[in-house]
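The values are calculated or read from the model by the stated rules, or taken from the named source; none is laboratory data. In this text the structure is predicted, and so the values were computed from the model without any measurement. Because the Cβ atoms are built from the backbone with ideal geometry, glycine has one as well, and the counts that use them run over all protein chains shown. Surface accessibility is based on the protein's heavy atoms, side chains included, excluding ligands, DNA and RNA. Shrake-Rupley method; radii C 1.70, N 1.55, O 1.52, S 1.80 Å.
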Amino acid sequence: MRIQVAKDHEQMSRRAAARIAAAIRRQPGLLLGVVTGASPTRTYERLAERRVAEPSLFRRLRVVKLDEWLGLPPRHPASCESYLRLKVLGPLGIPRSRYQGFDPRPKDAGEDCARIARWLGRNGPIDLCVLGLGRNGHLLMNEPAAALTPGPHVARLAASTRRHSMLEGLKTLPRHGLTLGMADILQSRTILLLVSGRQKAAPLRRMLSGRVTTRCPASLLWLHPDVTVYCDRAAGRALAGRMR
């Protein structure tokens, strides 16, 4: 696991975007797994800026949405679908034919998870997986528990997850989400973990403590051979001794 501590969120985002762009240049048709939230937003904006200078950069890129709040209409501004259309799919010019993801409001949530599992079986694994770190140590919507689910599944959301900034202002908060499982994450060829803000310092320290446990799902990233953590100084100020 490699750790890069940037001076601020902007530098972190610039480094992460450069890494993603370089990977796409090497493999134009790669499958990019994308997460939502505050930490990766500026990285996606940086990628969109590169499209101006390199119009062909994203013409073969494939994108998969990694998780979704269950029950929100697809066009609801709090949905992961809306976020990705606004921050990734539209700015990068990704058509529906090169995008896949959970249905925010499926008729059968279990079948939708099975559909994603089948799609990954045909089109995966994910070549480059962009992740964020939850305040409780979760990855995507894989919450701390005695045991974790390997494949796509319906996840019961922790109280801290239901306080996510994307859900602010909702009268009724989702209780469940649709998410890829830990095996799907660990089968990715390369993983980038983006961690920003002082509120993420404690979970980042816990993740890097050296103890691999399902009570901190992010700690399972130690089992993967190609993980880079990009964090800003606010999140990583206590990690100077681990940088390399």
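Miscellaneous remarks
- Taking the numbered list (1) in contact with a strand residue (DSSP E or B) (Cβ under 7 Å, 6 or more places away or on another chain); (2) within 18 Å of Val35 (Cβ to Cβ); (3) open to solvent by less than 30 Å² (accessible area, probe 1.4 Å) in turn, Leu120 passes all entries but (1).
- For the range 4-17, the set of residues classified as open to solvent by less than 50 Å² (accessible area, probe 1.4 Å) and either under 17 Å from the mean Cα position of the chain (by Cα) or acidic (Asp, Glu) (or both) consists of Met12, Ser13, Ala16, Ala17, listed by residue number.
- Some residue of the range 25-33 being within 28 Å of Arg233 (Cα to Cα) and either of a type in the set (Gly, Ala, Ser) or modelled with pLDDT of 95 or more (or both): yes
- Some residue of the range 130-137 being in contact with a Lys or Arg (Cβ under 7 Å, 6 or more places away or on another chain) and at positive phi: yes
- Residues that are crowded, with 17+ Cβ neighbours inside 10 Å, more than 21 Å from Arg135 (Cα to Cα) and in contact (Cβ under 8 Å) with a residue 60 or more places away in the chain within the range 25-46 comprise Leu30, Leu31, Leu32, listed in sequence order.
- Whichever residue in the range 75-84 is farther than 13 Å from Tyr99 by Cβ and not hydroxyl-bearing (Ser, Thr, Tyr) and, among such residues, is surrounded by the fewest Cβ atoms within 10 Å (Cβ to Cβ): Arg75
- Counting the residues of the range 51-74 that are open to solvent by 30 Å² or more (accessible area, probe 1.4 Å), farther than 20 Å from Asn123 by Cα and under 18 Å from the mean Cα position of the chain (by Cα) gives 1.
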